[in-house]
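First up is the structure itself, then whatever we jot down about it.
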Amino acid sequence: MRKNIVAGNWKMNKTLQEGIALAKELNEILAGEKANCDVVICTPFIHLASVTALVDPAKMAVGAENCADKESGAYTGEVSAAMVASTGAKYVILGHSERRAYYGETVAMLEEKVKLALANGLTPIFCVGEVLDERDNNKQNEVVAAQMASVFSLSAADFSKIVLAYEPVWAIGTGKTATPAQAQEMHAFIRSIVAEKYGKEIADDCSILYGGSCKPSNARELFVNPDVDGGLIGGAALKASDFKGIIDAFN
Ligand code: PGA
């Protein structure tokens, strides 16, 4: 069954103490009610163990923002999928455009990361999206289809465990959101190529989140589209009331 999901991506924000305070606040805000979507908060590695220990797992899951493309060993500074899973985290964002652009993550590296995440019981939130120049030249479908190669080597059983996120790079942190029509068009395209590869049933069950300047004021018009199954939220995930406002778009 396709799930609606609102996932926060804290990026490189919040000290450990600030992160714990935000997670506690979200826990309290969500305590009294039943959200109409799954809620995930993806935090820096150092927050994971503390945050998973304090959130109510019935209300919220915790995820990392990355993991290594190697299993273990002499890779100074890296954090493996097994380490992420050992904190109690359930999700991991992979292929975020900031990782692709600033840290040189390639289709092949991401394929390894996705496989290791799945092997360790984590749910990858796999991100795709084009830059402005590519959209201006009407190359967005081609670019996104090429990025999907990282997950198209998975078996159907493994593919059905992942979550996708479409994040047009020109909309991330810019205040410029894709229009609901642009989001729907790309989500439908992604679902169509998933259907070609794995069949209609798996495509219909796949959650595809939208990311890029999503906020309480525009979440509803984005999520109401038939192929938009929630959001991956950056800036607006750093304030509990804004994040809650986005979760409430499903009410
Ligand atoms: P934004 O970031 O909501 O701040 O645009 C989204 C993301 O990068 O996941």
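The table below lists the values:
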read-out	value
Listing of helices (runs of 4 or more DSSP H) fully contained in region 169-251 that carry 1 or more residues being closer than 16 Å to Arg135 by Cβ and in contact (Cβ under 8 Å) with a residue 60 or more places away in the chain	180-198
Residue in region 6-20 that is touching a Lys or Arg at 6+ places or on another chain (Cβ under 9 Å), part of a loop (DSSP other than H, G, I, E, B) and at pLDDT 95 or above present	no
Test: Ala171 is among the aliphatic types (A, V, I, L, M) and within 16 Å of the chain's Cα centre (by Cα)	yes
Some residue of region 187-202 being farther than 25 Å from Met12 by Cα, surrounded by fewer than 18 Cβ atoms within 10 Å (Cβ to Cβ) and polar (S, T, N, Q)	yes
Selection within region 203-229 - within 10 Å of the ligand (Cβ to nearest atom) and either under 22 Å from Glu25 (Cβ atoms) or in contact with a strand residue (DSSP E or B) (Cβ under 9 Å, 6 or more places away or on another chain) (or both)	Leu209, Tyr210, Gly211, Gly212, Cys214, Lys215
Count - residues of region 102-122 that are among the acidic types (Asp, Glu) and open to solvent by 60 Å² or more (accessible area, probe 1.4 Å)	1
Breaking point among (1) without any contact (Cβ under 8 Å) to a residue 60 or more places away in the chain; (2) open to solvent by 60 Å² or more (accessible area, probe 1.4 Å), for Asn36	(1)
Answer residue from region 150-168, given it is in a loop (DSSP other than H, G, I, E, B) and charged (D, E, K, R) and is nearest to Tyr102 (Cα to Cα) among those	Glu167
Any hit, region 156-167, residues being among the small types (Gly, Ala, Ser), in contact with a helix residue (DSSP H, G or I) (Cβ under 9 Å, 6 or more places away or on another chain), open to solvent by 20 Å² or more (accessible area, probe 1.4 Å) and within 13 Å of the ligand (Cβ to nearest atom)	no
Criterion violated by Arg99 - all others in (1) in contact with a Cys (Cβ under 9 Å, 6 or more places away or on another chain); (2) surrounded by 20 or more Cβ atoms within 10 Å (Cβ to Cβ) satisfied	(2)
Residue that is farthest from the ligand (Cβ to nearest atom), among those in region 230-251 that are buried (at least 24 other Cβ atoms within 10 Å of the Cβ) and under 14 Å from the mean Cα position of the chain (by Cα)	Gly230
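Rundown of residues vs (1) under 17 Å from the mean Cα position of the chain (by Cα); (2) within 20 Å of Asn66 (Cα to Cα), yes/no style:
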site: Glu111; (1), (2): yes, yes
site: Pro124; (1), (2): yes, yes
site: Gly129; (1), (2): yes, yes
site: Arg135; (1), (2): no, no
site: Asn138; (1), (2): no, no
site: Val143; (1), (2): no, no
site: Phe152; (1), (2): no, yes
site: Glu167; (1), (2): yes, yes
site: Asp205; (1), (2): yes, no
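The values are calculated or read from the model by the stated rules, or taken from the named source; none is laboratory data. Here the structure is a predicted model, which means the values were calculated and not measured. Please note: Cβ atoms are built from the backbone with ideal geometry, for glycine as well, and neighbour counts cover all protein chains shown. Areas reflect the complete protein model, heavy atoms only, side chains present, ligands, DNA and RNA absent. Shrake-Rupley method; radii C 1.70, N 1.55, O 1.52, S 1.80 Å.
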